[in-house]
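The values are calculated or read from the model by the stated rules, or taken from the named source; none is laboratory data. Model, not experiment: these values are computed from the prediction. We place every Cβ from the backbone using ideal geometry, glycine too, and count neighbours over all the protein chains shown.
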Amino acid sequence: MQSYDTIIIGASFYGCGLALALTGAKILEPAILPGAEFSLALQPGSGWDRPVQSPEAQALRAELLRRGAVNDAGQAQVAAFSPVLGECCQKHNLDLEFSCAVIEQRDDLLRVVGVDGLREIRAGRVINALPDTTAPEKMLTGILSLSEQLPDGSYGPFRLCNSCRAGEAYLSLSMPGAASWPEARQRFHAAWDQRPASLRESHLLLLGTSFSWPGDDNPVLAFDRGICEGRVK
């Protein structure tokens, strides 16, 4: 049986920051990539000019800027988040396992299902770094192809945030935290069918494959929080 001092559930930006600070930590991620809480939720983040404490988070923000994933105006290209985080994880030799879900925890024993089937792992401690899904509200976000440039802001029930790619924007709709995935998609499409005139000529390209829950405003802040908290654990 495998044994680790620390198991971190979730290769979120926060979880990867924790793992960087906690030597020898093992990350178990149910999705197929790191940073899924932003990337798969199509969540571009906000507050990109807010200061961070750790040099590693400063370096991550600099790399996102260098790659054009974020611009000086605070606009983002979500598709670049996970590749940049993945490269950072490789640089720091983090131990990640993707497509691995914890199905049961009994004290220090975890039963997990991964690509190699069911197995048990023993951990000195377990830290849940997945988004908190108990909040009363969550967001479902889609990508728009805009017919004309529109300012960030509210459009009926939607919130629009321009991407750093011209003609592309993220459109978010708030909904109850208890809404199921089919119900959430139905709510989004029903609202889209009744969208304001200013969005009538725009095209909805796709919806995120996960919800965005309340938490850190952007990936760099989440990564920095994980590092700072990990260094005092």
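For the stretch 121-169, how many residues meet the condition of being more than 22 Å from the chain's Cα centre (by Cα), charged (D, E, K, R) and surrounded by 13 or more Cβ atoms within 10 Å (Cβ to Cβ)?
Going through the stretch 121-169 one residue at a time, the tally reaches 2.
Within the stretch 152-162, is there a residue that is farther than 30 Å from GLN194 by Cβ and at pLDDT 95 or above?
no
Those residues that are more than 14 Å from the chain's Cα centre (by Cα) and over 19 Å from PHE158 (Cβ atoms), I need them from the stretch 182-223; list them, please.
PRO182
What tally of residues in the stretch 94-111 results from selecting those that are within 19 Å of SER3 (Cβ to Cβ) and under 22 Å from the mean Cα position of the chain (by Cα)? Break it down into steps so the answer makes sense when it comes.
Of the stretch 94-111, the ones within 19 Å of SER3 (Cβ to Cβ) are 94-97, 100, 102-111.
Applying the additional criterion that residues be under 22 Å from the mean Cα position of the chain (by Cα) yields 94-97, 100, 102-103.
So the answer is 7.
Does GLU148 satisfy the condition of being closer than 16 Å to ARG195 by Cα and either at pLDDT below 95 or touching a Pro at 6+ places or on another chain (Cβ under 8 Å) (or both)?
Taking the combined requirement at face value, the residue satisfies it.
Please count how many residues of the stretch 189-233 are closer than 28 Å to ILE32 by Cα, of a type in the set (Ser, Thr, Tyr) and surrounded by 15 or more Cβ atoms within 10 Å (Cβ to Cβ).
Residues that pass the stated criteria total 2.
Check every one of the strands (runs of 3 or more DSSP E) wholly within the stretch 148-233 and list those with 2 or more residues that are of a type outside the set (Lys, Arg), at negative phi and touching a residue at least 24 places away in the same chain (Cβ under 8 Å).
Per the criteria, 158-162, 168-176, 203-207.
Which residues, taken from the stretch 68-98, are at pLDDT below 95 and charged (D, E, K, R)?
Matches in the stretch 68-98: ASP72 only.
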